[in-house]
Amino acid sequence: MNKLELLRTFVRVTELSSFTQAGESLGLPRSTVSEHVQALEELLGARLLQRTTRKVQATQDGRVLYERSKDLLAHMEELEGLFRQDEAQLAGRIRVDLPNVMARDMLLPHLPSFMGRHPLIEMEISSTDRQVDLIAEGFDCVLRVGAQPDQTVVARRVCSMPMVNCVSPAYLQRHGMPETLADLAHHQLVHYVRPLGARSAGFEYQQGSKVERVAMAGRVTVNSTDAYQAACLGGFGIIQVPQLGIGDLLASGKLVAVLPDYPAPPLDVSLLYAGQRHLPLRVRVFMDWMAAILQARH
């Protein structure tokens with residue numbers, strides 16, 4: 001049995017604390033995952049995992065092996081691609097997570113060209129607005145918009161997105177056009193929070209180098225970008241969104257830009273990846289390609 005495969009399986013079980021989730025991550029049946037771990041324990045003559053009815057935890061020996069295995073597997077991936085001069089020969093799976101809108105409007109429309117240049121690469125694409133655990137959920141890289149508080153990962157800033165305030169024509173018919181910040185006292189804001197129950201920041205705008213906030217009323221609070229946009233289209237109030245994601249809606253008149261002198265501060269777009277020493281070549285190539293797509297749109 002391939003010893004590297006045993007180590008890869010053990011690393012995923014340790015990271016996810018689950019045989020079942022590790023199997024789903026690796027595309028293996030749970031029984032095979034269990035066999036791999038058992039074979040590795042027999043090979044090393046040590047108990048690596050403590051199994052309970054609720055979860056799986058690494059033993060002291062298992063934690064030592066886990067740290068060594070991550071470095072070893074990273075070195076092996078680097079060696080496998082060391083002498084490949086043709087990027088078309090890059091192989092393996094890339095697991096990426098990014099916001100729904102960016103997956104729909106940016107990644108997927110351009111992905112055929114990347115896959116065509118790299119026919120041996122397989123993609124796993126997660127699109128969600130929640131903050132995924134990059135390491136525990138096995139993502140090679142994550143595309144995120146806004147500040148990145150997690151200091152355990154590396155953030156590669158790619159670009160920034162200018163913001164726009166907008167409402168629906170139906171909202172304007174009922175409430176009129178806001179012309180000044182003082183007018184906001186008579187208007188509604190669609191509140192976006194993550195998670196639900198958190199306090200809304202209100203209406204944000206940039207004054208020089210400072211970010212100012214205006215508390216606003218609002219009957220609808222959402223926690224996803226799709227719902228945020230839909231609430232605005234439904235006439236529930238003002239939203240503040242990247243201009244990139246709503247260009248078509250503004251051009252068609254389904255949304256109307258308001259208060260152009262008071263945009264929210266631009267949002268940074270970053271590619272996040274685990275701070276391991278050796279990033280697989282296929283992941284570096286994908287990140288470079290994705291960065292070029294994003295920068296071409298701004």
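Could you list, in sequence order, the residues of region 231-249 that are among the aliphatic types (A, V, I, L, M) and either buried (at least 18 other Cβ atoms within 10 Å of the Cβ) or modelled with pLDDT of 95 or more (or both)? Answer for region 231-249, where residues must be among the aliphatic types (A, V, I, L, M) and either buried (at least 18 other Cβ atoms within 10 Å of the Cβ) or modelled with pLDDT of 95 or more (or both): A231, L233, I238, I239, V241, L244, I246.
Evaluating A231 against the criteria (1) more than 21 Å from P266 (Cα to Cα); (2) under 21 Å from the mean Cα position of the chain (by Cα) leaves one unmet condition, (2). Tallying residues that are over 15 Å from E15 (Cβ atoms) and under 33 Å from the mean Cα position of the chain (by Cα) within region 29-39 yields 6.
Among the residues of region 248-263, those that are of a type outside the set (F, W, Y) and more than 27 Å from the chain's Cα centre (by Cα) comprise A251, S252, G253, K254, V256, A257, V258, L259, P260, D261.
Here's the yes/no breakdown for (1) among the β-branched types (V, I, T); (2) modelled with pLDDT of 80 or more:
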position: Q89; (1), (2): no, no
position: I94; (1), (2): yes, yes
position: H110; (1), (2): no, yes
position: S126; (1), (2): no, yes
position: S168; (1), (2): no, yes
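Condition first: free of Cβ contacts under 8 Å to residues at least 12 places away in the same chain and either under 27 Å from the mean Cα position of the chain (by Cα) or part of a loop (DSSP other than H, G, I, E, B) (or both). Now tell me which residues in region 181-209 satisfy that. Hits for region 181-209 are G197, A198, R199, G208, S209.
Note on region 136-156: residues that are within 23 Å of L26 (Cα to Cα) and surrounded by fewer than 16 Cβ atoms within 10 Å (Cβ to Cβ) total 2.
The values are calculated or read from the model by the stated rules, or taken from the named source; none is laboratory data. What you see is a predicted model; the values in this text were computed from it and never measured. Because the Cβ atoms are built from the backbone with ideal geometry, glycine has one as well, and the counts that use them run over all protein chains shown.
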